[in-house]
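Here's the structure, in structure tokens; my notes come after.
The values are calculated or read from the model by the stated rules, or taken from the named source; none is laboratory data. Nothing here was measured: the structure is a model prediction, and the numbers come from that model. Please note: Cβ atoms are built from the backbone with ideal geometry, for glycine as well, and neighbour counts cover all protein chains shown. These area figures cover heavy atoms from the full protein model, side chains too; ligands, DNA and RNA do not enter into them. Shrake-Rupley method; radii C 1.70, N 1.55, O 1.52, S 1.80 Å.
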Amino acid sequence: MATPSTKARWHWFLPRLYIRFYVTLLVTLVVFALAVMLVWHRSGGPLERSNSTLAQVMQNALASADAPPAQQQAALEHMAAGLHANLTLYGRDWQLLAAVGEPIPPHRWRQRDLRGPPPESFMRLPDGRRLLSSVPLGFTRPKAMLHNALLLVALGIGVAAFPLVRHLTKRLERLQQGVDSLGAGNLTARVAVEGKDEVAQLARSFNRAADQIEQLVGAHKTLLANASHELRTPLARIRLALELMQDDVDPKRRAGLEQDIRELNALLDEILLASRLDAVNAEVSTEEVDLLALAAEECAHYDEAELDGVSAVMNGDARLLRRLLRNLLENARRHGAAPTRLELRCADGLALLTVSDGGAGVPVSEAERVFEPFYRRHGTRDNQGAGLGLALVRQIARRHGGEARCTRLDDGRSGFLITLPLKAA
């Protein structure tokens, strides 16, 4: 039974489906040819049995092996009557016993050129004598004929089957490319329907599924964008009403309402930004950005933030990268403890941005869940935030070809590590 490592090596050696199909066909042909050869060898094919019968008949027609040369010569001449052929009879050790016509040397049989005229026929008699003839006697080397015929048939089938197998698997490859394109976010990806077999039916099913997915995602994005925009109008009215009711509203309640309005505005901004980032084909402006300069500007808004690092120049969207830094710092302010430390290093063509704080950090069990939209950790202070900050951090990092994850630092506490590709030298 194949082990997992053996299967992995096999899949590495035959990575393409059409190669696997083709190799399977060739192996089947080889096994079939070997089986036929084995049966032929064990049972003796009809051609070989006919040659054995003919050899016995000729031995009976000739004189015995120990007969005098004159008697053997007479028997050979009697058998050659009317054949118009040269016949030569040799003993077990290739000594000349009798000949009719020009004697045929043994080396002409042993060193015959298959590309020239037809060679002399050779027959081994049951008593060990050899009979050479200039005309065919029975079937020449029937086992070799069978082997060559099987090899030619297998080769012919193998050559003819390759374009057929390749044509079938090419359709599967095009279907796979369509699935990969759809999975990468290209909702317009479709595949051509070729033929009327199961592969064509699979292509039609994929196209129907892609149509439904595109419609659902489009409707979802439209609803989200419209709802976010529509909510801004009542929020503006509420803010205006608060401004007009300065003397009639308790200051403490007024401050609470203003805070709620600010949080709703921030939530709407993050929802709209997340919706735009979900659109894979959405255009993102690219410019040369120094992450250290952006980080310094954002850290200046937080008294407890400490910045340490080196210049890291990359190509990206400065507005999105600024939002990434702001969300990380805001997350540390809301859910951590002072001071907040931001470190920027460069290694192997990547900018390594680490953000940590003096708080307890994120438990290992929630290291991935904190990046889920609207996920709130249990026990967070005042249940603040919209739950989209870290989700946007990961989306922005991936949009720039990087990654965001929660990791363990050297001091044992947790922190957020952002990797972004630097500008090529």
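General observations
- For beta carbons closer than 7 Å, sequence separation of 6+ or different chains, a first residue in the range 389-414 that is closer than 21 Å to R376 by Cβ and a second that is outside any helix (DSSP H, G or I) and of a type in the set (K, R), the qualifying pairs are S414/R408.
- Meets criteria (assigned to a strand (DSSP E or B), touching a residue at least 12 places away in the same chain (Cβ under 8 Å), out of contact with any Ser or Thr (no Cβ under 6 Å at 6 or more places or on another chain) and open to solvent by 20 Å² or more (accessible area, probe 1.4 Å)) for L97: yes
- Any hit, the range 239-260, residues being open to solvent by 80 Å² or more (accessible area, probe 1.4 Å), at pLDDT below 85 and under 30 Å from R399 (Cβ atoms): no
- When Q177 is tested against (1) closer than 27 Å to V23 by Cα; (2) part of a helix (DSSP H, G or I); (3) open to solvent by less than 90 Å² (accessible area, probe 1.4 Å), only condition (3) is not met.
- Residues (in a helix (DSSP H, G or I), out of contact with any strand residue (DSSP E or B) (no Cβ under 6 Å at 6 or more places or on another chain) and either in contact (Cβ under 8 Å) with a residue 40 or more places away in the chain or open to solvent by 60 Å² or more (accessible area, probe 1.4 Å) (or both)) located in the range 53-75: T53, L54, Q56, V57, M58, Q59, N60, P69, A70, Q71
- For T222: the one exception among (1) closer than 30 Å to L268 by Cα; (2) at pLDDT 85 or above: (2)
- Matching residues in the range 286-300 - criterion: being open to solvent by 20 Å² or more (accessible area, probe 1.4 Å), touching a residue at least 12 places away in the same chain (Cβ under 8 Å) and under 18 Å from R333 (Cβ atoms): E297
- Any hit, the range 100-122, residues being in contact with a helix residue (DSSP H, G or I) (Cβ under 6 Å, 6 or more places away or on another chain) and at pLDDT 80 or above: yes
- Test: residue in the range 331-352 that is among the hydrophobic types (A, V, I, L, M, F, W, C) and open to solvent by 70 Å² or more (accessible area, probe 1.4 Å): yes
- Residue match in the range 390-400 (condition: modelled with pLDDT of 90 or more, under 20 Å from R345 (Cβ atoms) and surrounded by fewer than 19 Cβ atoms within 10 Å (Cβ to Cβ)): no
- Checked against (1) part of a loop (DSSP other than H, G, I, E, B); (2) surrounded by 13 or more Cβ atoms within 10 Å (Cβ to Cβ), T188 passes all but a single condition, namely (2).
- Inter-residue pairs, beta-carbon under 8 Å, first more than 23 Å from L172 (Cα to Cα) and in the range 18-36, second part of a helix (DSSP H, G or I) and of a type outside the set (A, V, I, L, M), 6+ apart: L29/G158
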